[in-house]
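Take a look at the structure set out below.
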Amino acid sequence: MNEITNVFRRLNREGKKALIPYVTGGDPSIEKTYEFMEFLARNGADIIEVGIPFSDPMADGPVIQRASERALKAGTAVKDIFALVRRFNKAFTIPVVLMGYLNPIYAYGVERFVSEAADNGVKGLIIVDMPPEEAGEICPLLRKYGIASIFLATPVTNRDRILKIKKIARGFLYFVSVTGVTGERDEIPTDILEKIKEIKGLISLPVTLGFGISHPRIVEEFFPYLDGFVVGSALVRRWEHSFSVDDPELKNFFQEMVIACHGS
Amino acid sequence: MRKGYYGKFGGVFVPETLMPSIYELEEAFFRWWRSRDFRKEFEGYLKDYVGRPTPLYHASNLSVRCGLTLYLKREDLCHTGAHKIINALGQALLAKKMGKRRVIAETGAGQHGVAVATAAALLGLECCIYMGADDVERQKMNVIRMDMLGAEVRGVETGTRTLKDAINEALRDWVTNVRTTHYILGTVFGPYPYPQMVKEFVSVIGREAARQIWKKEKRLPDVVVACVGGGSNAMGIFYPFLKRKEVTLVGVEAGGKGISTGHHAARFQGGKVGIFQGTKSYVLQDSNGQILDTYSIAPGLDYASVGPEHSFLMESQRVTYTSATDEETLEAFFLTSREEGIIPALESSHALAYVIKNCTRWKDKLVLVNLSGRGDKDVETVSRTISP
Ligand SMILES: Cc1ncc(COP(=O)(O)O)c(C=O)c1O
């Protein structure tokens, strides 16, 4: 049984939702990212998503584009991300999932990537530019090495595709709140509730909401319908203020999100 | 062969949000491409609006100078000045059929952008063009043209500020406005069905050229040469010759300042297989899989990857890929201007440079070059190289 599943089971029993913060690995350095992850782990994160930086992040908005640029400028490579996860796993039991684009993984060697990811304690993998149609090579490897293959669904994903995704998705389903790129949004259109209900009716995996979760209010609004919330740009934007875990705005924001997901 | 693949190259590597639109596009393309009415409409525009068939011109002065028989397929005479209008019109018509009211596109040289802006004006579609900020700077005339045609041009300041960054922004726009917008990708690149669809549209170039050269010379050419950015003008002219093994096919990439300097866009010389902007193909990348900055004097060739079918044709050795440097390209640019009275686009000048460089190899042979566009857009760039 993958640790990700256990997290959702436990939270479900406690009537809580998973809070899944996103950080870009190496932004602005691996050392700093470690401090950030430590802060998130100590203050209520349930799963941490670490982005593998890529030169051309076509599904990301400006905030995460900038984070990716900073990480690459610092020379961050896949092996550095693995070392980061290994170090984190020595101190914490919170599952880490990686999120990235396919080319750096492909350049590393797909099987080598998956096996080393497993060795270093990666629990799940999200590849933004790999729809189920192209997952035929990597999914069997992920199963072999015990890493959850996490897939996305969106407001325009129809029933047939949901069933297609269901066949190969493990860990949790990542529901993208809007058609668009990552970035903060004031409002999330509530018409996605219909789609979320449809997905919940078809898939037994936990379903999390991501993209544009910029305010605890959004968590409160969707709380009953989902199993977790991914917070990316809103967090990274506060992080880039000073790259310090003592930044009061960063601390306050994260605290509010924890309360929204877990109750006080 | 797996659907959407050319050998091991191709595929559909896009975010989930785009998948429904990819299927919608595939369905619409194959349905309408089989429809006689659609074909008639498309061909009608090609004839009366674009000015097709474009002439096949015997470049006698250059022929004498090079010691061979050189024919130029005059895509420079297309409305808007390059072959790009063919695909732009085809996809804009398709966008209408799909009920999309807005089209977007990336552009490097500005030729595809102008073509899309033109098709959008003609067909009453809202139009937004993404262009790298550096390209906005070096292809000013085309920016002004797009503006006059009623398109919005958005300069892209991120990344390397060239074509690949424009594609990233266009993809971001498409992901956001996927319900109302069709993305008119400008070459035989990107996720399936684009490489296939664009190839079908531009194959008219080769079909015409094959017919024309047969009429004039009563035989097939010995060699067909085209420049390769994404690869549409090359795929268009190669298409009918692919099965005729006796015809040598040569694709010319941008050698920039020379392959050894690292400042080039020759994917088949400096690249390796990767997955980028929707497709698996040869990509200029570092050892970590990060996409490299490219360089060429010709913005339309200044791109880190290449159409997947070209990768297939390279590995199967059906097409030979080589490169021409900026310097060789400029020489060909001037020679063609002065000998033939034709100012070629810097992109097309790469193909001409190959012929000039390889005169002796093709001595007395019948050579066909795709003159993919005219050089009006490049006069500023070129004049800067002579009077610094
Ligand atoms: C005149 C001309 N030729 C060639 C190209 C390169 O594109 P492709 O390789 O798709 O023909 C361009 C691109 O902008 C162009 O404007």
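The values are calculated or read from the model by the stated rules, or taken from the named source; none is laboratory data. Computed from a prediction, not measured in an experiment: that's the story for all the values here. Heads up, the Cβs are rebuilt from the backbone with ideal geometry, glycines too, and the neighbour counts pull from every protein chain shown.
Quick notes on this one:
- Restricted to region B:106-127, and to residues there that are in a loop (DSSP other than H, G, I, E, B) and more than 10 Å from the ligand (Cβ to nearest atom), the residue that is farthest from B:Gly230 (Cα to Cα) is B:Gly124.
- Flag for A:Gly121 being more than 16 Å from A:Phe54 (Cβ to Cβ) and more than 8 Å from chain B (Cβ to nearest Cβ): yes
- Any hit, region A:65-82, residues being in contact (Cβ under 8 Å) with a residue 12 or more places away in the chain, out of contact with any helix residue (DSSP H, G or I) (no Cβ under 6 Å at 6 or more places or on another chain) and farther than 18 Å from B:Gln290 by Cα: no
- Every residue from region B:81-105 that is closer than 25 Å to B:Gln212 by Cβ and more than 10 Å from the ligand (Cβ to nearest atom): B:Ile85, B:Ile86, B:Ala88, B:Leu89, B:Gly90
- Conditions (1) outside any strand (DSSP E or B); (2) more than 8 Å from chain B (Cβ to nearest Cβ); (3) surrounded by fewer than 24 Cβ atoms within 10 Å (Cβ to Cβ); (4) out of contact with any Gly (no Cβ under 6 Å at 6 or more places or on another chain): number failed by A:Leu72: (2)
- Note on region A:83-107: among residues that are in contact (Cβ under 8 Å) with a residue 12 or more places away in the chain and basic (Lys, Arg), the one that is farthest from B:Val283 (Cα to Cα) is A:Arg87.
- Within region B:231-245, the set of residues being more than 19 Å from B:Gly10 (Cα to Cα) and within 13 Å of the ligand (Cβ to nearest atom) comprises just one member, B:Ile237.
- Within region A:45-69, the set of residues being assigned to a helix (DSSP H, G or I) and not acidic (Asp, Glu) comprises A:Pro62, A:Val63, A:Ile64, A:Gln65, A:Arg66, A:Ala67, A:Ser68.
- Every residue from region A:124-138 that is within 14 Å of another protein chain (Cβ to nearest Cβ) and either basic (Lys, Arg) or in contact (Cβ under 8 Å) with a residue 60 or more places away in the chain (or both): A:Ile126, A:Val128, A:Asp129
- Any hit, region B:165-181, residues being in a strand (DSSP E or B) and touching a strand residue (DSSP E or B) at 6+ places or on another chain (Cβ under 7 Å): yes
- Residues that are buried (at least 20 other Cβ atoms within 10 Å of the Cβ), within 14 Å of the ligand (Cβ to nearest atom) and within 14 Å of chain A (Cβ to nearest Cβ) are absent from region B:330-338 altogether.
- Among the residues of region A:23-44, those identified as touching a residue at least 60 places away in the same chain (Cβ under 8 Å), surrounded by fewer than 24 Cβ atoms within 10 Å (Cβ to Cβ) and not in a helix (DSSP H, G or I) are A:Pro28, A:Asn43, A:Gly44.
- Residue ID - farthest from the chain's Cα centre (by Cα), chosen from residues in region A:175-233 that are hydroxyl-bearing (Ser, Thr, Tyr) and either part of a loop (DSSP other than H, G, I, E, B) or closer than 29 Å to A:Asp27 by Cα (or both): A:Thr190
- Residues in region B:46-59 that are out of contact with any strand residue (DSSP E or B) (no Cβ under 8 Å at 6 or more places or on another chain) and either small (Gly, Ala, Ser) or in contact (Cβ under 8 Å) with a residue 60 or more places away in the chain (or both): B:Leu46, B:Tyr49, B:Gly51, B:Arg52, B:Pro53.
- Some residue of region B:285-293 being assigned to a helix (DSSP H, G or I), within 30 Å of A:Ile52 (Cβ to Cβ) and more than 14 Å from the ligand (Cβ to nearest atom): no
- Test result for A:Ile30, touching a strand residue (DSSP E or B) at 6+ places or on another chain (Cβ under 8 Å) and β-branched (Val, Ile, Thr): no
- Within the set B:Glu106, B:Glu157, the sole residue that is in contact (Cβ under 8 Å) with a residue 24 or more places away in the chain, within 14 Å of chain A (Cβ to nearest Cβ), among the charged types (D, E, K, R) and within 19 Å of B:Ala345 (Cα to Cα) turns out to be B:Glu106.
- Residue satisfying condition, being within 25 Å of B:Lys40 (Cα to Cα), of a type outside the set (S, T, N, Q) and at pLDDT 95 or above, within set B:Ala266, B:Ala210: B:Ala210
- Evaluation of B:Asn168 against the conditions (1) within 16 Å of B:Gly230 (Cα to Cα); (2) within 14 Å of chain A (Cβ to nearest Cβ); (3) within 16 Å of the ligand (Cβ to nearest atom) shows that the sole unmet condition is (3).
- Pairs with Cβ under 7 Å, 6+ apart, first in region B:256-283 and free of Cβ contacts under 8 Å to residues at least 24 places away in the same chain and surrounded by 24 or more Cβ atoms within 10 Å (Cβ to Cβ), second charged (D, E, K, R) and in a helix (DSSP H, G or I): B:Val283/B:Arg267
The rows are residues; the columns are (1) surrounded by fewer than 19 Cβ atoms within 10 Å (Cβ to Cβ); (2) on the phi < 0 side of the Ramachandran plot; (3) away from the ligand (no atom under 12 Å from the Cβ).
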site	(1), (2), (3)
B:Thr325	no, yes, yes
B:Glu328	no, yes, yes
B:Gly341	yes, no, yes
B:Ala353	no, yes, yes
B:Asp364	yes, no, yes
B:Val382	yes, yes, yes
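- Scan of region B:253-284 for residues that are part of a loop (DSSP other than H, G, I, E, B) and within 13 Å of chain A (Cβ to nearest Cβ), ordered by number: B:Gly271, B:Gln277, B:Leu284
- Region A:192-212 residues that are touching a residue at least 40 places away in the same chain (Cβ under 8 Å) and over 19 Å from A:Thr179 (Cα atoms), paired with ones that are of a type in the set (Ser, Thr, Tyr) and assigned to a helix (DSSP H, G or I) (beta carbon under 9 Å, 6 or more apart): A:Pro206/A:Thr5
- Of the residues A:Pro62, A:Pro57, the single one that is surrounded by fewer than 21 Cβ atoms within 10 Å (Cβ to Cβ), within 9 Å of chain B (Cβ to nearest Cβ) and within 25 Å of A:Ser233 (Cα to Cα) is A:Pro62.
- Verdict on B:Glu347 being modelled with pLDDT of 95 or more and under 15 Å from the mean Cα position of the chain (by Cα): yes
- Qualifying position, being in contact with a Lys or Arg (Cβ under 9 Å, 6 or more places away or on another chain) and hydroxyl-bearing (Ser, Thr, Tyr), among B:Ser260, B:Ser232: B:Ser232
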